[in-house]
Every structure is written in structure tokens, then in C-alpha cells.
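Remarks on the structure that follows.
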Amino acid sequence: MSRAHWRAIGGALLGVLLLALGILVAALLLRTYTLPSRRVTWQGPGAAEVQLTPDERLQLKRAIVGAIQIPTVSFSEEEQNVTALAELGEYIRKVFPRVFSSSIIKHEVVAEYSHLFAVQGSDQSLQPYMILAHLDVVPAPPEGWDVPPFSGEEHDGYIYGRGALDDKSCVIGVLQALELLLKRDYKPKRSFYIGLGHDEEVSGHKGALKIVEKLQARGVKLLFVADEGLAVLDGVIKGVKRPIALVGTTEKGSITLNLTVHQPPGHSSMPPSETSIGILGAAVSRLERSPMPNMFGEGPEAAMFEHLAGEFAFPLNVMMANLWLFSPIISRVLEQTPSTNAIVRTTTAATIFNAGVKSNVIPAMARATINFRLHPAQTVVEALDIVRNSIRDERVEISVLNSFDPLPISPYDESNFGYQTLQRTIHSVFSGVTVAPGVCIGNTDSRHFVNLTDSIYRFSPFKLKPEDLSRIHGLNERISLENLDYLTQFYYQLIQNADSDKVPVVHQATHEL
């Protein structure tokens, strides 16, 4: 063939390539700008807002301060500050007298320290729902705190203390909302429950699970469950132009295991080539240097980013709307920070290390505790296989302390009453936010309720900025007075919105090219 013929063929191929590229670009843009808009309006009137008087606002602040000052610490399933839990139970009786004396509310203590409230609605044909929160908190050693962790001190519009965000704020918020509704002579149409567990931080087996057993024995089925979880994220998701309210429609599974090494003890002056500590340290290092596989797109997290595509600026909006093509790039970016890395994979965290009794004695035993939070597309069995392959040392004994697979994904379509009612309430309280389904990377008491409903949603009704994330279970946990108002307003409106006998109807537009 002549050179001219080759040039002609090359030109034709280039033309086809450019045409294909043009079609691809057009398809990407068409999908990006024809996705449904998440800026919605709702049909019909919504719930009435609560207008707090100065005295009520002061009472709300005092309520959370007093709750924080009671150190309801859960150290383990076997060790809790039960004296403080009992004290907190008496405290909420005093602070919320209408809740505990109302003729339409039946209150009972469950398993000594948890609380169950049954609020009687006027229409018994409507299926009840449930709101959850928990009374216990994780330990808070005072080292590193700017104020004592159980002081409840106020500085610059923030109240500091363990439990301010997780989860005494929700306890106080829902009880305060119900107290205010009763004060304003509100009578619910739909019955509902409030469950306050006392051991959520150490499994919920003695609190929430006992509440579930009590409800099951009574034949109760729930329309939906609302628990703590994700929140309104302001500046947390890079590239998003405004605050995003994420509602957890599932939560990651969990494995807690011990790695144990036994070796002959001896004198430190004659050490072997490898000690029990060295063998164990190497095993833990291998786990940390070999993270679980990136599984972005295999679980519900991809739907979350697609849901938010319109909130990203160009070109991220195109990439998020077309994850079928760009997910490898997006997933690599998400791996770079701990908060987003937790979305794309099962995480590995070494949390406890025990070994040695004296500086000149080589220990006979070394033990480490490792906690894994399972990606929604991965099972306990699959994760444990990866752990064994990563450690590759028969001298390291692996024992599972507890484990459970990721939770089922709750529906979030337009016909689901629970999700749409939560979404409508969020839009009303947090003006201008976009609501999207998400994956709760922690675990909540709501996981025990899967046999009572298929609609479980995890949302903490307050705003979080990037600097707030490390405060949860960390140093200087705090809540703003503004967020306290949001909490009360949210539950106040949610209870009213849930009285409807119809699924809230939303108007949605599409993005225009």
C-alpha cells in the first residue's frame, strides 16, 4: 500500500476516534446535567417550629450541662459506672417533669438503667415509630483537655464535655422537644417510642437489645427507627459547595479480635532473636502496612456520591455523576484522609497492646486488640481470611472477641415514609442543605432493631465542621449553643411531621444544560 493510502486510513481512524470521544463527552455531560436536582420543595404545610422563650433556652443549656457532669462511662461490657447511670435516670426525671407525668406517656426502666417511653397517639391504625439515643459515654482521661471532661463548662458559645456530641445531646434534645410539645398541649396522632440505652458504647446487649426483646414480646412492629449517626457536614466533603446532610441507611460491620503470642520468658541480658513483643509488633505492623482492599463502588457509598453530584463544581460534578468511568480515580482520592478512607474499605485499628511486667524480664506473653469496621460489601469471614493471610505467622494466635456483618441497607426511595419524613424535617430545620443517603462508619444501638423494621436511619441533627470530627471520642468534645437549638427544633418538628398518614411528596427538577 502506498504512503497516501496509509495516511488516508490513519485519517479515517482519527476521525472515528474523535467522533467516539465526542460521543463519550456528550454522554457524560448529558448524564451529569439531567440527574434529578436535590434542591427540593415539599407539598403541603410542614410542622410548626418551636419558638424558645429565654427561660426555655436557659433550661435547655442547663439540661445538657447537668447531663455532661454525670460521668456515665462505659469501660467494657463488664465495667460501667452504674452509679452515674442511676443518677442520670433520676436527673432526667427532674429536668423533664411533663414527660414523666403525662397521661399519654408510659415510662419504664429496662435492665435497671435503660429507659423506654411509649407515647400514645390518637390514631391506633397508624404504625408506630421509634427514636433512639444513649446515656453512656466513652472514657475521657483529663490529659490533653482544655477543661475537665465532665465539667460542662461553656466557652465562646460552646459547651465542653464528654457526651456533648455523642450522645447526651440527642438524649436532651428529644426529651426537651417532647417536654415543649406537651407544654404546648400537643397530642400526637401517631404513637411512637423513645428508647434510651445505657450501654451503646460497649455493644448495647444489656440495654437496647433488652428494649427490643420487650417490644418483640408485645408484638410491636415499627414503621421506622431514627438513631444517632451521620450529621450535617459543613466543609467536610472536599469540593462540595454547601452543607450536606447525610442520613445513614446502613452501618459498617465490626470485628474485634485479639492477637496473642506466647514465647519462653527469660532475662533481658540474654534475649532471643525474637521476643513475644517483637513477633506481635511485626504482626500488627503487617496489618497496618497491608490495608484491606479498596471496595469503592461495591457498596452503597457510590450512590451517595452520585446523589451529591450536582453539589460538586466542574469537573468533579461530571466525575461523580459518571462513577462507572471515574470511580478508580475518585476512590484513590478518598483514600488520602482517614474520614473518607473509612468509606472505601474495611478499616484496621490497633487499639490495645499488653505485654511485659518488668524492664529486665522478657515477657512470656504479648497481646494486641485490633478493631475492624467492615465495608458494607465485605463479610466477617472474608475479612478474617485477609487478616490471616496478612499476618502469615503461626506463632500469632487469632481469637475473635465479637463480630457481626454489615447491616442491611434501608430503603430511601420516594415511597418510604421514614426516610422522606426525616428528609423533610432536615430541609425545614437546616435551610439550604442537600440530603443524601450515606454509610454510618460507626455502630449504633439501632442495629439491634433489624427484626422490628426494615427502615432504620442514623442521623444526628447538628452541624459538624472538619475540626469537629476528631472531637467525637477524642479531646475537647463540645457542642455549640446553635447546635443545641437545631437538636431541639429537629425532634420537635419530626414528631409532628410523623403524624401524617401519607408519605411526604417532594417536587424535584432536573439540572439544566
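Kindly evaluate V82 against the criterion of being aliphatic (A, V, I, L, M) and either crowded, with 16+ Cβ neighbours inside 10 Å or not assigned by TED's automatic domain parsing to the domain that holds P188 (or both). So V82 fails the test. Considering the range 443-470, the residues that are at pLDDT 95 or above and part of a loop (DSSP other than H, G, I, E, B) include one that is surrounded by the most Cβ atoms within 10 Å (Cβ to Cβ), namely T444.
Checking each residue in the range 103-130 for being crowded, with 17+ Cβ neighbours inside 10 Å and part of a loop (DSSP other than H, G, I, E, B) picks out A111, Y113, G121, L126, P128. Determine whether A231 is among the small types (G, A, S) and touching a Leu at 6+ places or on another chain (Cβ under 7 Å). Yes, satisfied.
When the range 303-320 is filtered for residues that are closer than 30 Å to A383 by Cα and either surrounded by fewer than 18 Cβ atoms within 10 Å (Cβ to Cβ) or at pLDDT 95 or above (or both), only E306 remains.
One line per residue, one yes/no per condition, for (1) surrounded by fewer than 22 Cβ atoms within 10 Å (Cβ to Cβ); (2) part of a helix (DSSP H, G or I); (3) modelled with pLDDT of 95 or more; (4) of a type in the set (S, T, N, Q):
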residue: D385; (1), (2), (3), (4): yes, yes, yes, no
residue: R388; (1), (2), (3), (4): yes, yes, yes, no
residue: N402; (1), (2), (3), (4): yes, no, no, yes
residue: P411; (1), (2), (3), (4): yes, no, yes, no
residue: E414; (1), (2), (3), (4): yes, no, no, no
residue: Y419; (1), (2), (3), (4): no, yes, yes, no
residue: R424; (1), (2), (3), (4): no, yes, yes, no
residue: S431; (1), (2), (3), (4): yes, no, no, yes
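Within the range 463-499, can you find the residues that are in contact with a Phe, Trp or Tyr (Cβ under 8 Å, 6 or more places away or on another chain) and either within 19 Å of M130 (Cα to Cα) or charged (D, E, K, R) (or both)? Matches in the range 463-499: K463, E477, R478, L487, I495, Q496, A498.
Considering every residue within the range 283-293, establish whether at least one is without any contact (Cβ under 8 Å) to a residue 40 or more places away in the chain and crowded, with 16+ Cβ neighbours inside 10 Å. No, every residue in the range 283-293 fails to be without any contact (Cβ under 8 Å) to a residue 40 or more places away in the chain and crowded, with 16+ Cβ neighbours inside 10 Å. Return yes or no: is E298 within 25 Å of the chain's Cα centre (by Cα), surrounded by fewer than 19 Cβ atoms within 10 Å (Cβ to Cβ), touching a residue at least 24 places away in the same chain (Cβ under 8 Å) and under 22 Å from P376 (Cβ atoms)? When the stated conditions are applied, E298 passes them. Among the residues of the range 111-132, those that are over 17 Å from V174 (Cβ atoms) and in contact with a Gly (Cβ under 7 Å, 6 or more places away or on another chain) comprise A111, Y113.
The values are calculated or read from the model by the stated rules, or taken from the named source; none is laboratory data. The structure displayed is predicted, hence computed values, not measured ones. Cβ coordinates were reconstructed from backbone atoms using ideal geometry, including for glycine residues, and neighbour counts include every protein chain displayed.
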